[in-house]
Ligand code: NAD
């Protein structure tokens, strides 16, 4: 096996096709994949419609029982091989991620590194204990064991396409499920083809993983398919609400990992340079297109001017452009309609009295790093997840007011608190209504070992990663064993 091929993602193998047990033509037609920075066509993949989803789900179900019987060590070995292959071909694959999702190189490399870590973490799940003996009520033996759901449908977004797909796929497979995975139609290569290729090379048996690029119609077909037992969805609250509705109608388990409007609270005793750097990283990384991006910068009014000045200086020095051809800090926004959404939110803030101190403009899809101060609760910039490089500065007078402002959001994904006084930061953090709390850090943090997810509109209380994976991707089965059957009164 050539794990490190010079052209690992050779389009001759998968161009125009989807991975339904193997590379094959689809009934849904073809999908051109373009670079959001310049509109260039990168490749074509097979577009999957409901009929393709149904076929993939049928095959996944047929393969599941055998896969679940595979020895845990064998499952772990395949996963670890897939992680090796991802890392060994990282330089080539990062280029695809950069071009397809508008990522700067360091962000693309984070996807490779974290993608491999998630797969290696999943490998360890395969060899965990699977159950417990239960207290008895008679002389029979009772035990409870975790068993796979069957087929897991995975639906993922465009922004961190590789990591947000593989984190669910790898855990589900490790625990004996088979998977039908629908990446976002804007990022089917980074979010799908790469994953199919690494598992193909790693020797995953045919039928265990299917990658079916498609749109919302394909996603909805996956949610209602009778052969799919669980759906793991990462995306917007709007999409998640629809997915939850369909899965509810079909009595399917559903995991919803949705958006966020994440507050970074900077207290008056914070180091100003460090705090401003945290605010800039949390706001501008990947053009703000991250669920955990810092959506509100809550600053004590005593240091507001000093933090704002530093943040504006940073914003004015962050170039935006095509990351494949230039040394830039910000790549393109994923689509023209998303650029319009960002502009609408910025314009609304300015019209309602916010001060535009940097940016606020765009050159095509390249939106300038933007700083708004004086952001208030009646503005869209305060309420909505922007998914663009816009720093929204809100000042507060007391720590209590900071808590109140942070907790106004309907979302509850992540928060950060920065202070020179650890006890004060932790005390404030304890009051925040979020799934991820980062003391003395900004809001963008992730990795395979933490149970990741949010409260409120950020999800349905499920988590992905770390100790949550076994809980999410398996279910209990109670087994009782009598030495021999005994008679009943009738
Ligand atoms: P989106 O909901 O529009 O799309 C995400 C995925 O869902 C895509 O694959 C899309 O094709 C599919 N989809 C959309 N509508 C669907 C439907 N009705 N039925 C089934 N599938 C459907 O999300 P987006 O705007 O492209 O992605 C960004 C959003 O994702 C942001 O809100 C962001 O915060 C969120 N996100 C959350 C996390 C997390 O882990 N909590 C991580 C990354 C992104």
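The values are calculated or read from the model by the stated rules, or taken from the named source; none is laboratory data. As the structure is a computational prediction, the values presented were derived from the model and not from experiment. Note: ideal-geometry Cβ built from the backbone for every residue, glycine included; neighbour counts use all protein chains shown.
Do we find that residue 198 is under 15 Å from the mean Cα position of the chain (by Cα), more than 10 Å from the ligand (Cβ to nearest atom) and either surrounded by 24 or more Cβ atoms within 10 Å (Cβ to Cβ) or free of Cβ contacts under 8 Å to residues at least 60 places away in the same chain (or both) in this structure?
On the way: under 15 Å from the mean Cα position of the chain (by Cα): no; more than 10 Å from the ligand (Cβ to nearest atom): yes; either surrounded by 24 or more Cβ atoms within 10 Å (Cβ to Cβ) or free of Cβ contacts under 8 Å to residues at least 60 places away in the same chain (or both): yes.
No: the conditions fail for residue 198.
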Would you pick out the residues in region 327-344 that are closer than 17 Å to residue 290 by Cα and in contact with a strand residue (DSSP E or B) (Cβ under 7 Å, 6 or more places away or on another chain)? 330, 332, 333, 339, 342
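Got a sec? Which helices (runs of 4 or more DSSP H) wholly within region 26-111 have at least 1 residues that are crowded, with 22+ Cβ neighbours inside 10 Å and without any contact (Cβ under 8 Å) to a residue 12 or more places away in the chain? So that I can check it myself, show each step before the final result.
On the way: elements: 50-69, 72-88, 90-101.
Output list is empty.
Would you confirm, using the coordinates I've provided, whether residue 273 is assigned to a loop (DSSP other than H, G, I, E, B) and away from the ligand (no atom under 16 Å from the Cβ)? Talk me through it step by step, then tell me what you get.
Working: assigned to a loop (DSSP other than H, G, I, E, B): no; away from the ligand (no atom under 16 Å from the Cβ): yes.
In short, no.
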Could you list all residues from region 201-221 that are within 16 Å of the ligand (Cβ to nearest atom) and within 24 Å of residue 97 (Cα to Cα)? 210, 211, 212, 213, 214, 215, 216, 218, 219
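Which residue out of 165, 224, 232 is surrounded by fewer than 24 Cβ atoms within 10 Å (Cβ to Cβ) and more than 8 Å from the ligand (Cβ to nearest atom)? Write out each step before concluding.
Working: 165 fails: surrounded by fewer than 24 Cβ atoms within 10 Å (Cβ to Cβ); 232 fails: surrounded by fewer than 24 Cβ atoms within 10 Å (Cβ to Cβ).
That would be 224, the only listed residue that is surrounded by fewer than 24 Cβ atoms within 10 Å (Cβ to Cβ) and more than 8 Å from the ligand (Cβ to nearest atom).
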Quick check: is even one residue across region 241-254 in the same structural domain as residue 62 (by TED's automatic domain parsing), under 25 Å from residue 448 (Cα atoms), surrounded by fewer than 24 Cβ atoms within 10 Å (Cβ to Cβ) and away from the ligand (no atom under 16 Å from the Cβ)? no
Do the conditions hold for residue 192, that is, is it surrounded by 24 or more Cβ atoms within 10 Å (Cβ to Cβ), in the same structural domain as residue 69 (by TED's automatic domain parsing), within 12 Å of the ligand (Cβ to nearest atom) and part of a helix (DSSP H, G or I)? yes
If you go through region 393-409, how many residues are buried (at least 18 other Cβ atoms within 10 Å of the Cβ) and within 23 Å of the chain's Cα centre (by Cα)? 2
Looking only at region 276-286, which residues are within 16 Å of the ligand (Cβ to nearest atom) and either assigned to a loop (DSSP other than H, G, I, E, B) or touching a strand residue (DSSP E or B) at 6+ places or on another chain (Cβ under 6 Å) (or both)? 282, 283
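Residue 289 - would you say it is outside the structural domain of residue 93 (by TED's automatic domain parsing) and within 14 Å of the ligand (Cβ to nearest atom)?
Details: outside the structural domain of residue 93 (by TED's automatic domain parsing): yes; within 14 Å of the ligand (Cβ to nearest atom): yes.
So residue 289 fits the description; yes.
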Pairs please, first residue from region 208-237 and free of Cβ contacts under 8 Å to residues at least 40 places away in the same chain, second anywhere and in a loop (DSSP other than H, G, I, E, B) and more than 7 Å from the ligand (Cβ to nearest atom), Cβ atoms under 6 Å, 6+ apart in sequence or on different chains. 224/250
Matching helices (runs of 4 or more DSSP H) fully within region 289-388 where at least 3 residues are in contact (Cβ under 8 Å) with a residue 60 or more places away in the chain: 304-316
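If you go through region 149-162 one residue at a time, how many are closer than 12 Å to residue 235 by Cα and either in contact with a strand residue (DSSP E or B) (Cβ under 7 Å, 6 or more places away or on another chain) or more than 10 Å from the ligand (Cβ to nearest atom) (or both)?
Residues of region 149-162 that are closer than 12 Å to residue 235 by Cα, as a first pass: 154-161.
Now restrict to residues that are either in contact with a strand residue (DSSP E or B) (Cβ under 7 Å, 6 or more places away or on another chain) or more than 10 Å from the ligand (Cβ to nearest atom) (or both): 154-157.
Going through region 149-162 one residue at a time, the tally reaches 4.
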Return the total of residues in region 319-342 being surrounded by 14 or more Cβ atoms within 10 Å (Cβ to Cβ), over 21 Å from residue 380 (Cβ atoms) and at pLDDT 95 or above. 9
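From 390, 371, 375, which residue is buried (at least 16 other Cβ atoms within 10 Å of the Cβ) and over 23 Å from residue 458 (Cβ atoms)? First the steps, then the outcome.
Details: 390 fails: over 23 Å from residue 458 (Cβ atoms); 375 fails: over 23 Å from residue 458 (Cβ atoms).
That would be 371, the only listed residue that is buried (at least 16 other Cβ atoms within 10 Å of the Cβ) and over 23 Å from residue 458 (Cβ atoms).
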Scan 480, 419, 458 and give me the residue that is over 21 Å from residue 280 (Cα atoms) and over 25 Å from the mean Cα position of the chain (by Cα). 480
